[in-house]
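Everything on this sheet refers to the single structure shown next.
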Amino acid sequence: MNIARNAIASALFLATPLAASPALAQQADQTPRIVVTGEGTASVAPDMAVLSLTVLREGKSAREALDANSAAMAEVLAAMKAEGIAERDLQTANFSIEPQYYYPPRKEGTDPEQPRITGYIVRNSLTVRLRDLDKLGAVLDKSVTLGVNQGGNIAFTNDDPSSTVTEARIAAMKDAKAKAETLTQAAGIGLGKVLEISENSGGRMPEPLAKVRSAMVEASADVPVAAGENNYTVSVTVTFGLDQ
């Protein structure tokens, strides 16, 4: 009896039509559509600066150069902490020991002499995240006084730009819809519902500092700095149906 029931169930299963695959469903969907790209930008003043500070010291031996570099960097780190910068915002970014060579001039008719090591250079780089921009000028001034003699690159950014990125997304969608409406009105057809939305990657980075408006940050030190604004851009691709 069980064997007969199983045979009947198997026959019914084989006779049942298979559901359409997603690929077949997409091929069957011939809904007229239009695809547009919208872009939106929102600006916000930075609330954080990222500094790159490097101490470079030379010595006749690697030990001499390292000791001099370590002493200077220890003072820089102590000064950063004294300014209220948390340890989590201080990070060694690069450290190197390099020999310095002297290349004797080649005398005519002789083989070139081998280069000789005349000393060593030690570099120690520190990345500083400064969350109080009012202290930026003072921090730069003090770091140079304490021995920073390379680097100084500054990147103005935002600790949490999510609300600004949301504004840019809304503006991008409005831009996409406006483009679609303009195109369909010109063609004399109606704009249908949204069928698909995709956000293009890479749109959250602020524009380079050279492209933003300058606004002086007040600082007590003699180092003038300009924070400007960060522009966050979002691009979306939207597919609309068409009402014909």
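The values are calculated or read from the model by the stated rules, or taken from the named source; none is laboratory data. This is a predicted model, so every value here is computed, not measured. Positions of Cβ are backbone-derived with ideal geometry, glycine not excepted, and every protein chain shown enters the neighbour counts. In case anyone asks, the SASA skips ligands and DNA or RNA and just uses the protein heavy atoms, side chains included. Shrake-Rupley method; radii C 1.70, N 1.55, O 1.52, S 1.80 Å.
Given the condition part of a loop (DSSP other than H, G, I, E, B), open to solvent by less than 80 Å² (accessible area, probe 1.4 Å), in contact with a helix residue (DSSP H, G or I) (Cβ under 8 Å, 6 or more places away or on another chain) and closer than 20 Å to Asn153 by Cβ, answer yes or no: does some residue in the range 67-84 qualify? Reasoning before the result, please.
Looking only at the range 67-84, we keep the residues that are part of a loop (DSSP other than H, G, I, E, B), and these are 83-84.
Filter once more, keeping what is open to solvent by less than 80 Å² (accessible area, probe 1.4 Å): 83-84.
Pick out the ones that are also in contact with a helix residue (DSSP H, G or I) (Cβ under 8 Å, 6 or more places away or on another chain) and you get 83-84.
Checking the rest, the ones that are also closer than 20 Å to Asn153 by Cβ come to 83.
Yes; the residues of the range 67-84 include at least one that is part of a loop (DSSP other than H, G, I, E, B), open to solvent by less than 80 Å² (accessible area, probe 1.4 Å), in contact with a helix residue (DSSP H, G or I) (Cβ under 8 Å, 6 or more places away or on another chain) and closer than 20 Å to Asn153 by Cβ.
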- Only one of Ile85, Ile97 is hydrophobic (A, V, I, L, M, F, W, C) and over 30 Å from Lys135 (Cα atoms); which? Ile97
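Please go through the range 183-200 and pick out each residue that is in a helix (DSSP H, G or I), open to solvent by 80 Å² or more (accessible area, probe 1.4 Å) and either in contact with a Leu (Cβ under 6 Å, 6 or more places away or on another chain) or more than 11 Å from Val35 (Cα to Cα) (or both). Give the steps one after another, and end with the answer.
At the first step, the residues of the range 183-200 found to be in a helix (DSSP H, G or I) are 183-187.
When the remaining residues are screened for being open to solvent by 80 Å² or more (accessible area, probe 1.4 Å), the result is 183, 185-186.
Matches in the range 183-200: Gln185, Ala186.
Can you pull out the residues in the range 209-235 that are at pLDDT below 50, open to solvent by 80 Å² or more (accessible area, probe 1.4 Å) and assigned to a loop (DSSP other than H, G, I, E, B)?
Arg213, Ser214, Glu218, Ser220
Could you please find all residues in the range 39-66 being in a strand (DSSP E or B) and either out of contact with any strand residue (DSSP E or B) (no Cβ under 8 Å at 6 or more places or on another chain) or among the β-branched types (Val, Ile, Thr) (or both)? Outline the logic, then answer.
Initially, the range 39-66 is screened for residues in a strand (DSSP E or B), giving 39-44, 48-59.
Thr41, Val44, Val50, Thr54, Val55, listed by residue number.
Select from the range 130-156 the residues that are assigned to a strand (DSSP E or B) and in contact with a Ser or Thr (Cβ under 9 Å, 6 or more places away or on another chain) and write down the one among them that is surrounded by the fewest Cβ atoms within 10 Å (Cβ to Cβ). Can you show your working first?
The first filter runs over the range 130-156 and keeps only residues assigned to a strand (DSSP E or B), leaving 130, 150-156.
Next, only the ones that are in contact with a Ser or Thr (Cβ under 9 Å, 6 or more places away or on another chain) stay: 150-155.
Numbers: Gln150: 13, Gly151: 19, Gly152: 14, Asn153: 11, Ile154: 17, Ala155: 16.
Among those that are assigned to a strand (DSSP E or B) and in contact with a Ser or Thr (Cβ under 9 Å, 6 or more places away or on another chain), it is Asn153.
With the requirement that a residue be in contact with a strand residue (DSSP E or B) (Cβ under 9 Å, 6 or more places away or on another chain) and surrounded by 11 or more Cβ atoms within 10 Å (Cβ to Cβ), what does the range 97-114 give you?
Initial filter on the range 97-114 (in contact with a strand residue (DSSP E or B) (Cβ under 9 Å, 6 or more places away or on another chain)): 97-104.
Residues satisfying the conditions are Ile97, Glu98, Pro99, Gln100, Tyr101.
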